Amino acid sequence: MDRQALLLDMNSTFMFEEDRFGPDIDYAEHYQAIGGTLPACQVNNIIQDAYDYLDACYPTEAWRHCFPTVEKAILATHDEWLPPLEMERLIDTFAHHELGHIPKAYAQALHRLAQNFTLALVADIWSPKKMWLRTFAEAGIAGLFQATSFSSEHGVVKPSPKPFRLVLKQLDIDPSTALVIGDSARRDLGGARAAGIDCILVGDERDPNAVGTFPNLIRLCEALCP
């Protein structure tokens, strides 16, 4: 394949079981474990309300280039003043539930791909990136990405083409030399096409505009790195 770089999506591409939110989730368990002092029922309401707020914003075009931070979501949905330390703990708790895990086989696939291509990351996350960077280090993939775009750093979410263009600029390469790899036809394929980049879909989604489809990243790796 005459491509220089792979621009990878994260959630449901190589990270799984993310976004553990819902009315039956006890968010206070993690919050209290890190020293939080607010009542459990209040914590559960704050986190769930913030999630619902962001979840409603996420598919809306009006928020595509100004997506709110978790802190702004908490402030928008919670009238009561919160001490700065408790706000930090609430954001940490939100991130803990947003974060997924990276199976060993997928980490190995990323290493194999990195031997053949320049890898970059284009990831939509709502919380600050520090917990993801720590997870990357624990999974042994921290040094594999030569350019990164985390939406929580700049407030721009897919399918905007801007995050894809951002990593192309970091890599100093032309769109024609790159491929986007992701699981979402709307966000990954849509954003890639808007940025002039071809896209391969992994997972269950199919779209005639994708240049290829594979059941998962492992199978894709086997095809690209025989």
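Structure summary
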| read-out | value |
| --- | --- |
| Relative contact order, percent, the chain [alpha-carbon distance under 8 Å, six or more residues apart] | 26 percent |
| Where trypsin sites (Lys or Arg not before Pro) fall in DSSP loop in segment 124-226, at most 13 other Cβ within 10 Å | Arg206 |
| Largest to smallest principal axis extent of the C-alpha atoms in segment 121-172, angstrom | 30, 25, 13 |
| Contact order normalised by residue count of segment 28-98, Cα under 8 Å, 6+ apart, percent | 44 percent |
| Alpha-carbon centroid distance for the pair segment 77-123 / segment 4-63, whole angstrom | 10 Å |
| Sorted by Cβ neighbour density within 10 Å, fewest at the top, the residues Phe214, Phe16, Phe145 | Phe16, Phe214, Phe145 |
| Proxy reagent accessibility, fewest Cβ within 10 Å first, across Ile91, Ile25 | Ile25, Ile91 |
| Two-decimal log10 I(q)/I(0) for segment 1-51, as the Debye equation yields it once each C-alpha is a single scatterer, q = 0.19, 0.20, 0.25, 0.31 Å⁻¹ | -0.72, -0.76, -0.95, -1.13 |
| Principal axis dimensions, the chain - Cα atoms, whole angstrom, descending | 56, 36, 31 |
| Mean residue ellipticity (222 nm) of the chain, computed from DSSP H runs ≥ 4 via -39,500 (n - 2.57), nearest 500 | -12000 deg cm²/dmol |
| Hits among lysines - C-alpha to C-alpha of Lys169 under 27 Å, sequence gap 8 or more where chains match | Lys129, Lys130, Lys158 |
| Inter-site label distance for Ile25 and Ser176 at 7 Å from Cα along Cβ, in nm | 4.4 nm |
| Low-density loop cleavage sites - GluC sites (Glu not before Pro) in segment 46-104, where at most 16 other Cβ are within 10 Å (DSSP) | Glu80 |
| Neighbour cut-off at most 11 other Cβ (10 Å), DSSP loop, GluC sites (Glu not before Pro), segment 1-54 | Glu17 |
| Residues Lys158, Lys104, sorted so that the one with the fewest Cβ neighbours within 10 Å comes first | Lys104, Lys158 |
| Solution diffusion estimate, µm²/s, Stokes-Einstein, segment 28-98, Kirkwood Rh from C-alpha pairs, 4 °C, viscosity 1.567 mPa s | 104 µm²/s |
| With 10 Å bins from 0: P(r) over segment 84-192, alpha-carbon pairs, percent | 13, 41, 36, 9, 1 |
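Only the coordinates and a few stated rules stand behind these numbers; no lab work does. Not measured: the values here are computed from a predicted model. Positions of Cβ are generated from backbone atoms using ideal geometry, with glycine treated the same way; all protein chains shown enter the neighbour counts.
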